[in-house]
Ligand code: IMP
């Protein structure tokens, strides 16, 4: 599509995801992880990441809605909760993009009340320029500019580009107010 500029290639993403998987596998060596992808944007990243992890994993999903309109409202709502208890478990929250930080901040607070043994964050992308709340990112793929990116499973409103194997940046003219709604 003409309005999407290539930003991160499939090969670059794959190499970085493999490196993250190696680090995670060595950090949790001898243990097991409950991997918690935050739907929907992280489903492709999470699918690749778990296959790069060599320690045993279980998967449980969370879904949130964090935006109403173009700007973050600061209100994060859980729309799908975990199926199982995480008490005493090593939990790895998997997020596609840390933008303002509000979503991860909310989720870390929420999950901490369930008394996991440990709670860490893996995020494919981080936009430091948009930070409103500083959150810990234990495993980060790439820091990126303040651009709206699509592809590789990322939220795209009705743009129809979630399946692209690479990440593309939308040209400013292609940005529309609905684009930030999950
Ligand atoms: P935060 O609460 O502002 O950190 O929002 C993070 C969420 O906003 C991400 O998980 C994405 O779902 C969404 N998001 C932020 N920037 C982008 C983008 O450039 N493309 C697709 N989704 C985005």
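Just so it is clear, none of the values below were taken in a lab; they were calculated from the coordinates. All figures in this text were calculated on a predicted structure; none of them were measured in a lab. For neighbour counting, all protein chains shown are included, and Cβ atoms are generated from backbone atoms with ideal geometry for every residue, glycine included.
If you take the Cα centroid of region 1-67 and the Cα centroid of region 94-124, the two points sit 14 Å apart. Once you have a ≥ b ≥ c as the square roots of the Cα gyration tensor eigenvalues for region 15-107, tell me rounded if a/c is under 1.5, and otherwise prolate or oblate according to whether a/b is larger than b/c. Taking the square roots of the gyration eigenvalues as a ≥ b ≥ c, region 15-107 is prolate. With bins 10 Å wide beginning at 0, the percent of Cα pairs of the chain falling in each bin runs 9, 39, 37, 13, 2. Relative to the dominant Cα principal axis of the chain, helix 10-27 is inclined by about 20°.
Between helix 102-112 and the chain there is an angle of about 10 degrees, using the helix long axis and the longest principal axis of the Cα atoms.
Among 79-91, 44-56, how do they line up by average Cβ neighbours within 10 Å per residue, starting with the highest? List each step's numbers first, then the result.
Details: 79-91: 13.5, 44-56: 17.9.
Output ranking for 79-91, 44-56: 44-56, 79-91.
Decide, for region 10-69, between rounded, prolate and oblate: order the square roots of the alpha carbon gyration tensor eigenvalues as a ≥ b ≥ c, take rounded if a/c falls under 1.5, and otherwise choose prolate if a/b is larger than b/c, else oblate. The shape class here is oblate.
For the chain, the share of DSSP beta bridges that are antiparallel, to the nearest 5, is 30%.
Based on the alpha-carbon gyration tensor of region 1-41 and its eigenvalue square roots a ≥ b ≥ c, which shape applies: rounded if a/c is under 1.5, prolate if not and a/b is larger than b/c, or oblate? Kindly include the intermediate steps, with their values, before the conclusion.
Working: a/c = 6.33, a/b = 1.95, b/c = 3.24.
Oblate, since a/c reaches 1.5 and b/c is not below a/b.
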